[in-house]
Amino acid sequence: MSAAAPKRENLILNLIFNIALPTLILTKFSGEKSLGTVWGLIIALAFPAGYFLYDFAQRRAANFISIIGFTSVLLTGGLGLMKVGPMGFAIKEAAMPLIIGLVVVLSMGSKRPLVKTILLNDQILDLPRVDAALAERGNRSGLDLLLKRASYALAASFLLSAVLNFGLARYILKSAPGTEAFNAELGRMNALSWPVISLPSMVILMVILWKLIGGIGKLTGLTTDEIFRSKETGKA
């Protein structure tokens, strides 16, 4: 019997704990008449941090990008408590996707390129069938070239995300750190990060994946349905 597939992340819980609740607390409950600026920031950031730990405990899965996201939350809290100014936050926001993009490029020569971890998920794609078809046609080197191109495209998408993160932070964060107004601005930035940054990045990622799947289809002769893992394939 094959090993059970890990649980999939709950997108609704992700949005609630990473976007909705922190935004609500930072924008509505960080005033002196409610939680205050310090506790408002701490409690707001406790939700995404707690969600990361909860999700890891439930699924026993934490990839490099989710760890970077968790680190970003901790850095936001640290910078906020140290009352670092808007420029410091903007640099931090840009640094996270830049680090991921750099690792994508640097990992290209390793045994497990990060692009494989992100795009070639063996819970979604029937990788044994793909590998067998590549071997039969002698096209494994072609897959390496596809992954190389996908790596550069993926790194470029993270570079774009870094630019958007920096620009959004510089546009929104104007107030002095440690104030109710600054916390509210952090909340608005957190809310806008989904439509302004996350959604376009997801679209780009899907385009890269679709191009990669198309290339794999040409190299293997498999149809799209054959490349993706079916429910029957995942059974013992």
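No value in this document is a laboratory result; all are computed from the given coordinates. Worth saying up front: this structure is predicted, and the values here are computed from it rather than measured. Cβ atoms come from the backbone with ideal geometry, glycine included; neighbour counts cover every protein chain shown.
Structure data summary
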item	result
Within the chain: Cβ-based charge dipole about Cα centre, in debye rounded to nearest 20 (Lys, Arg +1; Asp, Glu -1)	220 debye
Per-peptide average of other Cβ atoms within 10 Å, ordering 168-181, 137-150 highest first	168-181, 137-150
Extension gain (nm, one decimal) between Trp194 and Lys111, 0.36 nm per residue minus Cα-Cα	26.6 nm
Pairwise FRET efficiency - Lys33 versus Arg170, Cβ, R0 = 22 Å, nearest 0.05	0.15
Which of Leu159, Gly109, Leu199, positive extreme of dipole for the chain (C-beta unit charges)	Gly109
Value of [θ]222 nm, deg cm²/dmol, for the chain, DSSP H segments ≥ 4, -39500 (n - 2.57) each, nearest 500	-23000 deg cm²/dmol
Cross-link pairs beyond the 19 Å C-alpha cut-off, checked among Lys92/Lys174; Lys111/Lys211; Lys28/Lys92; Lys33/Lys92; Lys111/Lys148; Lys116/Lys148	Lys111/Lys211; Lys28/Lys92; Lys33/Lys92
Amide H contacts of Phe228 (H built 1.01 Å from N, under 5 Å, at least 5 apart or other chain)	Asp126
